[in-house]
Amino acid sequence: MAPRQAHAVDGCLVLLCFAAPSWRSVPQCVTPINQVLRDLARGKPFPTCSMAGGGNSASHAWASAPSYCPPQYTRVSYGESGPEYTCDYTGAVSVSINGAPFARTWWTMAGDTVTDFSPAAKTQLGTWDTRFDDDYAAWLAALPPPASPTESGN
C-alpha cells in the first residue's frame, strides 16, 4: 500500500472558485476549496496564481474580533478584565477583480464558509449566496432600538 502523493492546490482555480456566486454549487470547486481551508487551518500559506492578471488576486487574513470580523459574527463576553471579543470565523479570503474588492469568504476550522459579495460583484453576478446578507439583516433587526432623545431642561 503506497502512500498517497500530496498535491498542491491550484491557486488559479481557488481564485475562480472563491469568486463564484456559491462555490459549493460548482462540483469542480468543492475539493480544492475544502483542501485550501484545511491547509490554512494547518498554517500553510494561501496558494498563488501567476496567471491571474493585473488587479486580480486573492489573499488570506486571520480573523480578529472586533476589528476584523463582521459585526453579525462578533461575540462579546464580559470577564473581570472587561469585554472579550471572539469571531465565529477563523479567517477570510479576499478576492479582488480588476483591482476592486469582489468577495470576502469567511471560513472556520470546521470548513463552514460565508461570503460577503461587494455591490459590484452582486451587480455582475445577478444571483449569489445571500447568507452573509441575511445574517447581517437578522443581526440588525435584533439590535435594541436607539434611545429616544430626551428633552433637555425645559
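The values are calculated or read from the model by the stated rules, or taken from the named source; none is laboratory data. A quick note: this is a predicted structure, and the numbers were derived from the prediction, not measured. Cβ placement follows ideal geometry from the backbone for every residue including glycine, while neighbour counts extend to all protein chains displayed.
Hey, among the residues in segment 78-93 that are modelled with pLDDT of 95 or more and of a type in the set (S, T, N, Q), which one's nearest to K122 (Cα to Cα)?
T90
Quick one: G53 ticks every box in (1) modelled with pLDDT of 90 or more; (2) over 26 Å from T130 (Cβ atoms); (3) of a type outside the set (D, E) except a single one, so which number is it?
Failing condition for G53: (1).
Any residue at all in segment 68-87 that is within 16 Å of the chain's Cα centre (by Cα), among the small types (G, A, S), surrounded by fewer than 16 Cβ atoms within 10 Å (Cβ to Cβ) and farther than 17 Å from M109 by Cβ? Steps first, please.
Start the filter on segment 68-87 by keeping residues that are within 16 Å of the chain's Cα centre (by Cα), which leaves 68-74, 86-87.
So of that shortlist, the ones also among the small types (G, A, S) come out as none.
Looking through segment 68-87, none of the residues is within 16 Å of the chain's Cα centre (by Cα), among the small types (G, A, S), surrounded by fewer than 16 Cβ atoms within 10 Å (Cβ to Cβ) and farther than 17 Å from M109 by Cβ.
Can you name the residue in segment 108-154 that is small (G, A, S) and part of a loop (DSSP other than H, G, I, E, B) and is also surrounded by the fewest Cβ atoms within 10 Å (Cβ to Cβ) among such residues? Can you show your working first?
First pass over segment 108-154, keeping only residues small (G, A, S): 110-111, 118, 120-121, 126, 137-138, 141-142, 147-148, 152-153.
Now drop any that are not part of a loop (DSSP other than H, G, I, E, B), which leaves 110-111, 118, 126, 147-148, 152-153.
On the way: A110: 8, G111: 11, S118: 16, G126: 7, A147: 6, S148: 5, S152: 5, G153: 3.
Looking at residues that are small (G, A, S) and part of a loop (DSSP other than H, G, I, E, B), I get G153.
I'd like the full set of residues that are in contact (Cβ under 8 Å) with a residue 40 or more places away in the chain and assigned to a loop (DSSP other than H, G, I, E, B), limited to segment 52-87. Quick ask: steps written out before the conclusion?
Filtering segment 52-87 for residues in contact (Cβ under 8 Å) with a residue 40 or more places away in the chain gives 52, 54-58, 63, 70-73.
Answer for segment 52-87, where residues must be in contact (Cβ under 8 Å) with a residue 40 or more places away in the chain and assigned to a loop (DSSP other than H, G, I, E, B): A52, G54, G55, N56, A63, P70.
For segment 72-103, give me each residue that is aliphatic (A, V, I, L, M) and more than 21 Å from D134 (Cβ to Cβ).
Looking only at segment 72-103, we keep the residues that are aliphatic (A, V, I, L, M), and these are 76, 92-93, 95, 97, 100, 103.
Correct list: V76, I97, A100.
Any residue in segment 12-24 that is under 16 Å from D112 (Cβ atoms), touching an Asp or Glu at 6+ places or on another chain (Cβ under 7 Å) and among the polar types (S, T, N, Q)?
Among the residues of segment 12-24, at least one is under 16 Å from D112 (Cβ atoms), touching an Asp or Glu at 6+ places or on another chain (Cβ under 7 Å) and among the polar types (S, T, N, Q), which makes the answer yes.
Just give me the residues in segment 127-154 being within 18 Å of S25 (Cα to Cα) and touching a residue at least 60 places away in the same chain (Cβ under 8 Å), in sequence order.
Our first condition is that a residue be within 18 Å of S25 (Cα to Cα); within segment 127-154, this holds for 127-132.
Across segment 127-154, the qualifying residues are T127, W128, D129, F132.
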